[in-house]
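Comments concern the structure below.
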Amino acid sequence: MPGRHVEQRTEESARRSQAACAAAGIGPSGFRYAGAERYAARVSCALIVDDSAVQALGIAAALTRAGYAPVYSAVDWADCRRALARDVPQLIVLDVTLPGMVSGDVMAMQLRRNPRCLGARMILYSGLKERDLAALAQRCGADAFLTKGPDYELVALCKRLVPP
């Protein structure tokens, strides 16, 4: 069976070669595609929108530790649009109580209509009562909702919706 052994070794060699090319950003045609190094190590992109910068950065840090990368945080609609211009998120965590700005429910509906967010899973995360938040999540088309609490609960919910 020497022929079979050689064939297996050739298939294994081809798989290793394909993996090395993908990691280097070299497509099947042999051309290197732009931004390869950014996407080679990419896991799941997340976007956090909260009017409290401290809260947004805390959630971003927890998601980064959980394996999400890159994680963007935004404190208003303008920051959110800038983050969307940079990357396409697979996960969006949105605080719906945004005082003095575009309200969270309006922002959620706008994000749902945005072509860059078509496949993204959305979690509404707020200090509202659970019943009110559930109704809002249904109206906005959010995938899940959670009242504000410990970060580990949010991270667990994120992992269920979009594994890192």
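The values are calculated or read from the model by the stated rules, or taken from the named source; none is laboratory data. Here the structure is a predicted model, which means the values were calculated and not measured. So basically every Cβ, Gly included, is an ideal-geometry build from the backbone, and we count neighbours across all protein chains shown.
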(request) Look at the range 142-155 and say how many of its residues are over 17 Å from the mean Cα position of the chain (by Cα) and in a loop (DSSP other than H, G, I, E, B). (result) 3
(request) Output yes when any residue across the range 62-77 is closer than 24 Å to P163 by Cβ, in contact with a helix residue (DSSP H, G or I) (Cβ under 6 Å, 6 or more places away or on another chain) and assigned to a loop (DSSP other than H, G, I, E, B), and no when none is. (result) yes
(request) From (1) modelled with pLDDT of 90 or more; (2) surrounded by fewer than 18 Cβ atoms within 10 Å (Cβ to Cβ); (3) within 16 Å of S52 (Cβ to Cβ); (4) not aromatic (F, W, Y), pick out the condition that doesn't hold for L154. (result) (2)
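From the list A53, A66, exactly one residue is in contact with a Lys or Arg (Cβ under 7 Å, 6 or more places away or on another chain) and assigned by TED's automatic domain parsing to the domain that holds D143. Which is it?
Just one listed residue meets the conditions, A66.
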(request) Go through the range 122-141 and count every residue that is more than 20 Å from D79 (Cβ to Cβ), assigned to a helix (DSSP H, G or I) and not small (G, A, S). (result) 7
(request) Read through the list (1) surrounded by fewer than 19 Cβ atoms within 10 Å (Cβ to Cβ); (2) closer than 21 Å to G58 by Cβ, then give the number of the only condition that A134 fails. (result) (2)
(message) Of the conditions (1) of a type outside the set (S, T, Y); (2) surrounded by 14 or more Cβ atoms within 10 Å (Cβ to Cβ); (3) under 14 Å from the mean Cα position of the chain (by Cα); (4) over 18 Å from A156 (Cβ atoms), R86 satisfies every one except a single condition; which number is it?
(response) (2)
(message) Every residue in the range 82-121 that is modelled with pLDDT under 90, in contact with a strand residue (DSSP E or B) (Cβ under 9 Å, 6 or more places away or on another chain) and not in a helix (DSSP H, G or I), please.
(response) V96, T97, L98
